[in-house]
Amino acid sequence: MVVIATVCAGVLIWRASSRSPPPVETATVGAPETSIAQPSRDSEGLNASIGYNRKLALFRIENRDAFNWSRCQLSLNARGISSGYLRDVDSIGTGIAQAALIGGSEFSGEGGRHFDPAKEAVVTLDVACDTPRGPLTYGGKFAPQTPAGG
């Protein structure tokens, strides 16, 4: 009886140790949904935080100055003499609660065509507004998008 129990225990231990471990799932890492623009030029301009959510194609422009901005012109992907895609905003108040939320398709370019985030990457967003200190600007540059998994 002891011999049979020892043989059975040995077989069970051998079978348990010879099983291969379950396959490990590898997660695919993609670009984050939201990217934050970095200032593209040093200046004493507007103090802003600009984010872009790729999944929603939505910009969030936060005024971090102590005063409101008015008559703002936003310029998306402007290069050289091209004004890129434009969007006017009447005012942007101070603080996180008054941040402007603007859809990418609300920007229009030459010939009335609208920005299409499925066809073109967001590269830059420039903001020019009137302020109590006079006209001020902010230039923001977004990091290049990397493909999923890379």
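With respect to the stated conditions, P144 is assigned to a loop (DSSP other than H, G, I, E, B) and without any contact (Cβ under 8 Å) to a residue 40 or more places away in the chain. Please specify each residue of region 87-122 satisfying the condition of being closer than 15 Å to A57 by Cβ and part of a helix (DSSP H, G or I). The answer is G104, S105, E106. P135 satisfies every condition listed in (1) within 16 Å of A48 (Cα to Cα); (2) touching a strand residue (DSSP E or B) at 6+ places or on another chain (Cβ under 9 Å); (3) in contact (Cβ under 8 Å) with a residue 24 or more places away in the chain except (3). The criterion of being in contact with a strand residue (DSSP E or B) (Cβ under 8 Å, 6 or more places away or on another chain) and among the charged types (D, E, K, R) holds for D90. Looking only at region 55-70, residues that are in a strand (DSSP E or B) and either modelled with pLDDT under 95 or closer than 14 Å to G93 by Cβ (or both) come to 6 in all.
The values are calculated or read from the model by the stated rules, or taken from the named source; none is laboratory data. Note that the structure is predicted; figures quoted are calculated from it, not measured. Neighbour counts are summed over all protein chains in view; Cβ atoms, including those assigned to glycine, are modelled from backbone coordinates with ideal geometry.
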